[in-house]
Amino acid sequence: MVHYSTYLQLDKILNAQHRESGHLPEPAHDEMLFITTHQAYELWFQQILFEVNSVIAIMKKPAVNDNSPELQTVVHRLSRIVSILKVLVHQIDIMETMTAMDFLDFRDLLRPASGFQSWQFKIVEARLGLQFSNRFGQEHYISQLNPDEVLSIRNAESEQSLLSLINDWLERMPFFREETNWITYKSSTPCEDFSNGMHVFWRDYRSIYLKSLAPAEQTNQVNFDAVFLEGEASKSESLTPAASRAALFIMLYRGYPMLQLPFQLMNNLLEIDEQLSTWRYRHIHMVQRIIGTRMGTGGSTGREYLRGALENHYIFIEIARLTSFLIERRKLPVLSMEMEQRLGFHP
């Protein structure tokens, strides 16, 4: 018969808090809080990895039916990750009940241990899609880890990430690959105005978008072409032009039933980035409040490293930037009858 304590292995969990200050005449009271909070972080990182890996397994399939329980499962699990990240942010509220003097009671006993050595968090970032080339502090980010931890991170970096799979999923969207979706579409832009091999819908959309720009925004034409036109995009981008076009189309017409789940999926990715950045922001201010400008216990630059990570570690930034290319609903091109039927509920 299963018992609560044995099922949860509470004997291991509740006896895993060993204070480095325990040998002192007056052990540091707040070290217990410090250990418990960070152990809780690592348990949540483990759960996030569990969810991310399950989502990746689904997205790796040759085809994901956007009108099936699979996509609903992906959206649900990404939403769960968002909820967990919100808990991680709120755990800082608990940590901040520890004052700078409370931390000094045991801080020097922690050297060279540091939160920078959380290999699980680095794997989370890699599995989501943070590339090594985009990491801040590349020269130090695995320098304090043991060989097994480094190997785990390298393996995670070598595998296809969630961001890469999202790109593949978006590229497979059939909106513009099947001409039967656009038989009755009525263009509002003469073909000679701009062609460049662009689909008639995007030719119209580009024209409407450019007309919506304020005088100070005219450089957005260059940005639009760089993101959405084949041959113009940078090879360093994570999203191809085809994937970017599909993602923007989902944002524009998300009111249609067939696009609601894809939109929720992308919105969850943006939420994940937002919560990670919020956690880093709160972490910066907690560190500044507790250790000021001193170095981290692991030898990092403390606040300055965290600030660099905050500015450079946005994973889904290419999806977020698509909002720069939205137009008003009332100006959206009217879809063809075939496309409306495809995106709506079938009678």
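The values are calculated or read from the model by the stated rules, or taken from the named source; none is laboratory data. Values in this document were obtained by computation on a predicted structure and should not be read as measured data. Note that each Cβ is placed from the backbone with ideal geometry, even for glycine, and that neighbours are counted across all protein chains shown.
Residue 108 meets each of the listed conditions (1) part of a helix (DSSP H, G or I); (2) touching a Gly at 6+ places or on another chain (Cβ under 7 Å) apart from (2). Of the residues examined, residue 93 is one that is free of Cβ contacts under 8 Å to residues at least 24 places away in the same chain, part of a helix (DSSP H, G or I), over 14 Å from the mean Cα position of the chain (by Cα) and closer than 23 Å to residue 34 by Cβ.
Conditions (1) more than 20 Å from residue 281 (Cα to Cα); (2) of a type in the set (S, T, N, Q), marked per residue:
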{"residue": "36", "(1), (2)": "yes, yes"}
{"residue": "75", "(1), (2)": "yes, no"}
{"residue": "99", "(1), (2)": "no, yes"}
{"residue": "118", "(1), (2)": "no, yes"}
{"residue": "131", "(1), (2)": "yes, yes"}
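Within region 220-232, does at least one residue satisfy the condition of being surrounded by 13 or more Cβ atoms within 10 Å (Cβ to Cβ) and within 20 Å of the chain's Cα centre (by Cα)? Show your work before the answer.
Start the filter on region 220-232 by keeping residues that are surrounded by 13 or more Cβ atoms within 10 Å (Cβ to Cβ), which leaves 220-221, 223-229, 232.
Now drop any that are not within 20 Å of the chain's Cα centre (by Cα), which leaves 227.
The answer is yes; a qualifying residue exists.
Taken as a whole, region 65-75 holds no residue that is touching a Phe, Trp or Tyr at 6+ places or on another chain (Cβ under 8 Å), in contact (Cβ under 8 Å) with a residue 12 or more places away in the chain, more than 24 Å from residue 279 (Cβ to Cβ) and assigned to a loop (DSSP other than H, G, I, E, B). Within region 128-147, track down each residue that is surrounded by fewer than 15 Cβ atoms within 10 Å (Cβ to Cβ), in contact with a helix residue (DSSP H, G or I) (Cβ under 9 Å, 6 or more places away or on another chain) and part of a helix (DSSP H, G or I). Correct list: 132 only. State yes or no: is residue 163 modelled with pLDDT of 85 or more, buried (at least 17 other Cβ atoms within 10 Å of the Cβ) and in a loop (DSSP other than H, G, I, E, B)? It is false that residue 163 is modelled with pLDDT of 85 or more, buried (at least 17 other Cβ atoms within 10 Å of the Cβ) and in a loop (DSSP other than H, G, I, E, B). In the set (1) at pLDDT below 95; (2) closer than 22 Å to residue 280 by Cβ, residue 43 fails one condition alone, (1).
Checking the structure you have, find out if any residue of region 96-105 is closer than 30 Å to residue 333 by Cβ, over 30 Å from the mean Cα position of the chain (by Cα) and part of a loop (DSSP other than H, G, I, E, B). Steps first, answer last, please.
From region 96-105, those closer than 30 Å to residue 333 by Cβ are none; that's our starting set.
Within region 96-105, none of the residues are closer than 30 Å to residue 333 by Cβ, over 30 Å from the mean Cα position of the chain (by Cα) and part of a loop (DSSP other than H, G, I, E, B).
Tally the residues that are touching a helix residue (DSSP H, G or I) at 6+ places or on another chain (Cβ under 9 Å) and either β-branched (Val, Ile, Thr) or in a loop (DSSP other than H, G, I, E, B) (or both), restricting the search to region 15-34. Before the answer, list the steps.
The first filter runs over region 15-34 and keeps only residues touching a helix residue (DSSP H, G or I) at 6+ places or on another chain (Cβ under 9 Å), leaving 16-22, 24, 27-31, 33-34.
Applying the additional criterion that residues be either β-branched (Val, Ile, Thr) or in a loop (DSSP other than H, G, I, E, B) (or both) yields 16-19, 24, 27-30.
Residues flagged as touching a helix residue (DSSP H, G or I) at 6+ places or on another chain (Cβ under 9 Å) and either β-branched (Val, Ile, Thr) or in a loop (DSSP other than H, G, I, E, B) (or both) within region 15-34 amount to 9.
Please specify each residue of region 181-222 satisfying the condition of being part of a helix (DSSP H, G or I) and at pLDDT below 90.
Initial filter on region 181-222 (part of a helix (DSSP H, G or I)): 181-182, 191-193, 200-212, 215-217, 220-222.
Those that are part of a helix (DSSP H, G or I) and at pLDDT below 90: 191, 192, 193.
Name the residue, out of 63, 57, 113, that is out of contact with any helix residue (DSSP H, G or I) (no Cβ under 8 Å at 6 or more places or on another chain), at pLDDT 90 or above and among the aliphatic types (A, V, I, L, M).
Just one listed residue meets the conditions, 57.
For region 19-42, residues that are touching a Leu at 6+ places or on another chain (Cβ under 8 Å) and of a type in the set (S, T, N, Q) total 1.
Residues that are assigned to a helix (DSSP H, G or I) and surrounded by fewer than 19 Cβ atoms within 10 Å (Cβ to Cβ) were ranked within region 283-297; the one that is modelled with the lowest pLDDT is 291.
For every residue, the table says whether it meets (1) surrounded by 12 or more Cβ atoms within 10 Å (Cβ to Cβ); (2) more than 23 Å from the chain's Cα centre (by Cα).
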| residue | (1), (2) |
| --- | --- |
| 32 | yes, yes |
| 35 | yes, yes |
| 40 | yes, no |
| 44 | yes, no |
| 48 | yes, no |
| 63 | no, no |
| 75 | yes, no |
| 80 | yes, no |
| 85 | yes, no |
